[in-house]
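Each remark here refers to the structure printed beneath this line.
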Amino acid sequence: MVPRGSISGLLSSYDPKRLAVATVCSHTSLQIFDGARREGFRTIGICIGQPPRFYDAFPKAKPDMFFSVKSYKEIPARAAELASMNAVVVPHGSFVEYLGVAAFEGLRLPTFGNRRVLKWESDRDKQREWLVGAGLSMPEKIARPEDITKPVLVKFYGAKGGRGFFIAKNYEEFMEVNPTEKHTIQEYVIGTRYYMHFFYSPLVNRGYRLSRGSLELMSMDRRDEANIDEMYKLGAQERLKQFGILPTFVVTGNVPVVLRESLLPKAFWMGERTVERSFELFGGIIGPFSLECIVTDKLEFKVFEISARIVAGTNFFVRSSPYSDLREPEMSVGRRIAREMRLARRLKRLDAVLS
Ligand code: AMP
């Protein structure tokens, strides 16, 4: 972990009027660059080799300049170059994944958000400690395969996009796969999925206020997941298994959703509890995070995961969402991050949102 104070030291060498938003050219970069530009920041796209051509198709979201690396692993060694350009990193899921958690934690560049969240987010047991400690309900964890008495989802550690996950309805089905990789067994919750995108501001003290700062609900999505989402068209899974077709949960895209309005108080309560608990655990989450939930027919929320940064499901809402529109039109999460940086700069509190 980059030592406390060293990022503040680095920031004091920056020209606050010339801050540039830098991120890796992937994931949510279009809305991050578009949003940063709309808030008056310069933008730097970090790419491998030649700049990706697809930005030419989206001129409003094309970064002002590209910073080309041979591999993403090279970024820490070239951090000083980015710092000389007053670069502030806006991390997204791919950024952290390509760099690796340890390298990201040690990156000598100011980054939006609290890096200390990574330790809590990157480990499923720590996530559980955080969320259950906050009072949220999660799918039951099953300690041993012998204890499987209802359908479960077997999840692998570090599996990206649910690749390799499998459903077992009993011990025998679990043993058919008998995984040797590190995994966790979770009750398979039947319900509908809602990925709720929140933004916590430590600086804004109006709106939905918490013990300090305030919470905004930006938008919600549901993921399109191959091949589980379309399996029903071919019939029951037992039959499909006979043909060697196994369900996976690989994310291929996102669909916008809204929640029953009567469930919004619960949604806000969950967001609020998550933030309040994060103050106690690691000094507090900052900025965007997503609670990934299944809502059952008893209208109960089960949170199966938290993402502690901008998630790709916000890409649909590059101009607005049915929620953010009721606060301020044309506010994407990418833009909201840049807005928070602008506010922090004006208040001379960049330290409060960067780490
Ligand atoms: P995760 O890696 O935890 O984000 O899970 C990948 C996908 O698996 C999710 O997007 C859901 O579709 C599904 N999923 C995760 N946990 C559960 C659960 N406990 N019950 C049912 N489906 C789940």
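Calculate what fraction, in whole %, of the accessible area of the stretch 140-188 sits on carbon and sulfur atoms when a 1.4 Å probe is rolled over the protein chains.
Here carbon and sulfur together make up 49 percent of the probe-accessible area.
Zone of Arg349 (label point 7 Å along Cα→Cβ, backbone N under 17 Å): which residues in the stretch 1-30?
none
Averaged per residue, what accessible surface does the chain expose to a 1.4 Å probe, in Å²?
46
What shape does the stretch 140-188 have by the C-alpha gyration tensor, where a ≥ b ≥ c are the square roots of the eigenvalues, rounded means a/c under 1.5, and otherwise prolate means a/b greater than b/c and oblate the rest?
Since a/c reaches 1.5 and a/b is larger than b/c, the shape of the stretch 140-188 is classed as prolate.
With each run of n ≥ 4 DSSP H residues scored as -39500 (n - 2.57), what mean residue ellipticity at 222 nm is computed for the chain after dividing by its residue count and rounding to the nearest 500 deg cm²/dmol?
-7500 deg cm²/dmol
In whole Hz, with x marking every Gly and Pro, tabulate ³J(HN,Hα) for the stretch 182-197 from phi via Karplus 6.51 cos²θ - 1.76 cosθ + 1.60, θ = phi - 60°.
5, 8, 10, 10, 10, 3, 7, 8, 8, x, 10, 9, 9, 9, 9, 9
What is the set of long-range amide H partners of Thr111 at a cut-off below 5 Å, with H atoms built 1.01 Å from backbone N?
Those qualifying (amide H under 5 Å, at least 5 residues apart or on another chain) are Val89, Ser355.
Taking square-rooted eigenvalues a ≥ b ≥ c of the alpha carbon gyration tensor, is the stretch 3-42 rounded, prolate or oblate, where a/c under 1.5 means rounded and, failing that, a/b exceeding b/c means prolate?
In terms of gyration-tensor shape, oblate.
If you build a Gaussian network model of the chain, linking Cα atoms that sit under 10 Å apart, which residue out of Arg115, Arg128, Arg345 swings the most?
Per the Cα network of the chain with a 10 Å cutoff, Arg345 tops the list.
Could you go through the stretch 3-16 in sequence order and give the Karplus-derived ³J(HN,Hα) for each residue, using 6.51 cos²θ - 1.76 cosθ + 1.60 with θ = phi - 60°, rounded to whole Hz, and x for Gly and Pro?
x, 4, x, 6, 6, 4, x, 4, 4, 5, 8, 7, 8, x
Within 10 Å of each candidate Cβ there may be at most 15 other Cβ atoms; applying that plus a DSSP loop requirement, which trypsin sites (Lys or Arg not before Pro) in the stretch 151-182 survive?
Loop-located and lightly packed - Arg163, Lys169, Lys182.
So what are the radius of gyration and Dmax for the Cα set of the stretch 1-159, in Å?
19.0, 61
In whole percent, and with a 1.4 Å probe on the protein chains, what portion of the accessible area of the stretch 1-111 is carbon and sulfur?
In the stretch 1-111, the share of accessible area belonging to carbon and sulfur is 57 percent.
On C-alpha positions alone, give me the angle between the axis of helix 29-38 and the longest principal axis of the chain, in degrees, nearest 10.
Value to nearest ten degrees: 30.
Which number comes out as Rg/Rh for the chain once both Rg and the Kirkwood Rh are worked out on C-alpha atoms?
Checking Rg against Rh, the ratio lands at 0.97.
Specify whether the C-alpha gyration tensor of the stretch 105-258 places it in the rounded, prolate or oblate class, a ≥ b ≥ c being the square roots of the eigenvalues: rounded for a/c under 1.5, otherwise prolate if a/b is larger than b/c and oblate if not.
Prolate is the answer for the stretch 105-258, as a/c is 1.5 or above and a/b outweighs b/c.
Quick one: which residues, 5+ away or cross-chain, put their amide H under 5 Å from the amide H of Gly284? H built at 1.01 Å from N.
Those lying under 5 Å, H to H, from Gly284 are Phe279.
May I ask for the percentage of alpha-carbon pairs in the stretch 179-277 that lie more than 18 Å from each other?
Distances greater than 18 Å cover 64 percent of the Cα pairs.
By a straight-distance test (C-alpha under 22 Å), which lysines pair with Lys241 as possible cross-link partners, with residues fewer than eight away in the same chain excluded?
In chain and number order, the partners are Lys150, Lys155, Lys169, Lys233.
Using the alpha-carbon atoms, what tilt in degrees (0 to 90, nearest 10) does helix 124-133 show relative to the longest principal axis of the chain?
90
The values are calculated or read from the model by the stated rules, or taken from the named source; none is laboratory data. Please read these numbers as outputs of a predicted model, since none were measured by experiment. Note: ideal-geometry Cβ built from the backbone for every residue, glycine included; neighbour counts use all protein chains shown. Remember, those area values only see protein heavy atoms, side chains included, never the ligands or the DNA or RNA. Shrake-Rupley method; radii C 1.70, N 1.55, O 1.52, S 1.80 Å.
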